[in-house]
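Quick note: the coordinates plus some simple rules give every number you see, no bench work behind them. All figures in this text were calculated on a predicted structure; none of them were measured in a lab. Neighbour counts run over all protein chains shown; Cβ positions are idealised from the backbone, glycine included.
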Amino acid sequence: MTDTILSGPDCSTMAEVRAGVDQVDRELVALLARRFAYMDAAARIKPTRSAVRDEARKAQVIANARAQAAQAGVPDALVGALWEMLVEASIAYEFDAFDRR
């Protein structure tokens, strides 16, 4: 196998598929690290702990993700469920970050 990561449609072996999935997972973790850095910033910027949970913003973030998923041809309900978990984890992280300040 080469070091080149193929696109999904170009894969013809499970080794190629797994290499692609592993690469995407590394990229996702890097993106999550970037996202959580924004949660640190939010915890630093928000004036009160009660400002951490913003249900209107949560709904907007999930709706945006679902719309982008639908546009990309990815199951939007699945993405909505994933984003529900991501946003709740982000809120919990932000509460912890707020409490540490």
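Details
- Of the residues Val52, Val74, the single one that is β-branched (Val, Ile, Thr) and surrounded by fewer than 15 Cβ atoms within 10 Å (Cβ to Cβ) is Val74.
- Annotation: of all residues in the range 77-101 being among the acidic types (Asp, Glu) and within 17 Å of the chain's Cα centre (by Cα), the one that is surrounded by the fewest Cβ atoms within 10 Å (Cβ to Cβ) is Glu88.
Table: residues versus (1) surrounded by 10 or more Cβ atoms within 10 Å (Cβ to Cβ); (2) assigned to a loop (DSSP other than H, G, I, E, B); (3) over 15 Å from the mean Cα position of the chain (by Cα); (4) not acidic (Asp, Glu).
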| residue | (1), (2), (3), (4) |
| --- | --- |
| Ile5 | yes, yes, yes, yes |
| Ala15 | yes, no, yes, yes |
| Ala19 | yes, no, yes, yes |
| Tyr38 | yes, no, no, yes |
| Ala41 | yes, no, yes, yes |
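- Residues within the range 47-62 that are touching a helix residue (DSSP H, G or I) at 6+ places or on another chain (Cβ under 8 Å) and more than 14 Å from Phe36 (Cα to Cα), tallied: 5
- Members of the range 46-88 that are within 30 Å of Arg101 (Cα to Cα) and not in a helix (DSSP H, G or I): Lys46, Pro47, Thr48, Val52, Arg53, Asp54
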